[in-house]
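The values are calculated or read from the model by the stated rules, or taken from the named source; none is laboratory data. These figures come from a predicted structure and were not determined experimentally. Because the Cβ atoms are built from the backbone with ideal geometry, glycine has one as well, and the counts that use them run over all protein chains shown. Protein only, heavy atoms only, side chains kept; ligands, DNA and RNA dropped before computing areas. Shrake-Rupley method; radii C 1.70, N 1.55, O 1.52, S 1.80 Å.
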Amino acid sequence: MPGRVRVFIACSIDGFIAGPDHDLSWLPEPSGDDHGFGEFFASVGALLMGRRTYEVAEGFDGPWPYEERPVLVATHRPIQPSKPTIRAVEGEITTLVKQAREVAGDRDVYLDGGMLIRQALDAGLVDEITLTLVPVILGEGFPLFTGAQRKTLELVSSERSGESLVQLVLRPIAS
């Protein structure tokens, strides 16, 4: 049985996943609590991310955050991957997700990047979204859902995470 296509992402309460110039300084500092990311990531067989998301991740301090997992970067321009597990892919969202699922095998695909998430939601390809709401208003930046088609989601669970975050697990309802 193939794995699921899942999103694990944080956003401001006004719906932004990054501030202007890809600013992530508003995200909480890493602490002992990974807010469920470790458990989520343990089920991941491959990542599919957008070019901007890849470039931001490449700029993080410390080791590559995705370990040895295969990372497919959706882009129309060549990339200079820093690890042999990273490769560029291009095509329509259905083709990209199909490729990621093949690489992931029976494990989950971690979908990351606002534009890809919106495209996959619109195409009915997302199985689950873990959305962590950070109590900050950015006012501008890179929106998570702006431009997406209307989609009803089922609330699977909600819980307080850490001192001030709220984490929602949502599943799109087929229309």
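Return the total of residues in the range 120-153 being assigned to a loop (DSSP other than H, G, I, E, B), surrounded by fewer than 19 Cβ atoms within 10 Å (Cβ to Cβ) and not charged (D, E, K, R). Write out each step before concluding.
Here is the first cut: in the range 120-153, the ones assigned to a loop (DSSP other than H, G, I, E, B) are 123-127, 135-141, 144-152.
After this cut, where a residue has to be surrounded by fewer than 19 Cβ atoms within 10 Å (Cβ to Cβ) as well, the list is 123-124, 127, 135-137, 139-140, 145-152.
From the residues that got through so far, the ones that are not charged (D, E, K, R) too are 123-124, 135-137, 139, 145-149, 152.
Of the residues in that region, 12 qualify.
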If we only count helices (runs of 4 or more DSSP H) wholly inside the range 1-118, which ones have 2 or more residues that are open to solvent by less than 30 Å² (accessible area, probe 1.4 Å) and at pLDDT 95 or above?
93-104
I'd like to verify a number: residues in the range 90-122 that are free of Cβ contacts under 8 Å to residues at least 60 places away in the same chain and closer than 22 Å to Ala18 by Cβ, how many?
6
